[in-house]
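The values are calculated or read from the model by the stated rules, or taken from the named source; none is laboratory data. All of these numbers come straight from a predicted model, not from anything done at the bench. Reconstructed Cβ throughout: ideal geometry from the backbone, glycine too, with neighbour counts over all protein chains shown. What goes into the accessible areas is simple: the full protein's heavy atoms, side chains included, and nothing from ligands, DNA or RNA. Shrake-Rupley method; radii C 1.70, N 1.55, O 1.52, S 1.80 Å.
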Amino acid sequence: MSAPAIDPVRTPVTASPARKSAGKQRTTPARFDTALGWSDRPGPAWLLRVLLCLLALGVFAAPFLTIFSGSFSEKASGSTLSFLPHHPTLLNFEVAGERGIWDYFGNSLLIAGGGLLLQLVVCTLAAYALARHRFRGQALILTLFTLTMMLPEEVIAIPLSLVLGHVPVVGLDLKGTVWGVILPLGAWGFSVMVLTEFMKDIPAEIEEAARIDGVGELRMLWQVVLPLCRPALGVAGVLGFIMIWDQYLLPLIAAKDPTDYTVTVALSILRTDPEVGSGVVLAGAVIALLPSLIVYLLLQRSLVTGIAAGATKG
């Protein structure tokens, strides 16, 4: 019976001075690790960077602060820059409510919610077919989706109005209904392209393993593909909601009565009303701004993750 082998005691290896200096060089931030290669130590470059950041913050934040302060001011003016409200009051919101701003706000919420849900479903199914299947005319279909992004709304306004007034084949009149605004927004070329590119990067081995287990197409999309495309869904959801919420021309041509307008169209009505002042218009602008701001704040992590993943892909 042989004795168990005993490993010899290893002497600790001491790092050489050259290795220590190399480690210090790797852990010490370089000059160009900061924005534009500026040093993070206090000095002229640091002061210049702070001033530029404050300038950018003022350019982007000043309009929002002016809108908020003007909406709470008793006598607001759209031509003056004010960050604090003068004689704070809620009268502007009360007058905007009397003018029906909350009814228009409800129309916008209904259209944005239904339109975004329909858009995500249609764009996801289209992207899954374009990314995970091969068929004749695939490149042509993707090109057509891209071309739809190049047409301005003014070009298709009159044809779309005629189609909504008499839908081909079924002969329905969708004007004056929420479907007249929701259905044209059911597909967006940008969302199709974003989701298609993300789905193309999913390894084929994952799909093959799922098919061996007997997974069908819908289950494959719901349980395998979509969980891997959450960043892309975040981008499509945030930008899709903002695009639908900011629609102006489509609700205008799809409406039969002023009660069918959305909050974006209502702002133009308030602006032309001689009986209301600038404060009421700014109050309506704040009401119209809040949903987009809330959606962005809630989904900003998904938006940034999706954009970063798309930028570093490949």
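The residue list L297, L218 contains one member that is open to solvent by 60 Å² or more (accessible area, probe 1.4 Å) and farther than 26 Å from P85 by Cβ, which is L218.
The residues on offer are I269, I253, I307, and the sole one that is touching a Ser or Thr at 6+ places or on another chain (Cβ under 9 Å), assigned to a helix (DSSP H, G or I) and of a type in the set (A, V, I, L, M, F, W, C) is I253.
Regarding region 245-255, can at least one residue be identified that is at pLDDT 90 or above, in contact with a Cys (Cβ under 7 Å, 6 or more places away or on another chain) and buried (at least 22 other Cβ atoms within 10 Å of the Cβ)? No, region 245-255 contains no residue that is at pLDDT 90 or above, in contact with a Cys (Cβ under 7 Å, 6 or more places away or on another chain) and buried (at least 22 other Cβ atoms within 10 Å of the Cβ). Being over 30 Å from L130 (Cα atoms), open to solvent by less than 40 Å² (accessible area, probe 1.4 Å) and either of a type in the set (A, V, I, L, M) or in contact (Cβ under 8 Å) with a residue 40 or more places away in the chain (or both) is not true of P231.
Residues are listed down the side, and each one gets a yes or a no for (1) over 30 Å from A187 (Cβ atoms); (2) open to solvent by less than 50 Å² (accessible area, probe 1.4 Å); (3) at pLDDT 55 or above:
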residue: T11; (1), (2), (3): yes, no, no
residue: A22; (1), (2), (3): yes, yes, no
residue: L51; (1), (2), (3): yes, no, yes
residue: L55; (1), (2), (3): yes, no, yes
residue: F68; (1), (2), (3): yes, no, yes
residue: G78; (1), (2), (3): yes, no, yes
residue: N92; (1), (2), (3): yes, yes, yes
residue: W102; (1), (2), (3): yes, no, yes
residue: Q119; (1), (2), (3): no, yes, yes
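Restricting A96, A112, A127 to those that are in contact (Cβ under 8 Å) with a residue 40 or more places away in the chain and in contact with a Cys (Cβ under 9 Å, 6 or more places away or on another chain) reduces the list to A127. Looking for something in a helix (DSSP H, G or I), within 23 Å of the chain's Cα centre (by Cα) and in contact (Cβ under 8 Å) with a residue 12 or more places away in the chain - is there at least one such residue anywhere in region 276-285? The answer is yes; a qualifying residue exists. Residue pairs whose Cβ atoms lie under 9 Å apart, separated by 6 or more positions or on different chains, with the first residue in region 175-189 and farther than 16 Å from V265 by Cα and free of Cβ contacts under 8 Å to residues at least 60 places away in the same chain and the second among the aliphatic types (A, V, I, L, M) and part of a loop (DSSP other than H, G, I, E, B), are W179/L172; G189/M149; G189/M150.
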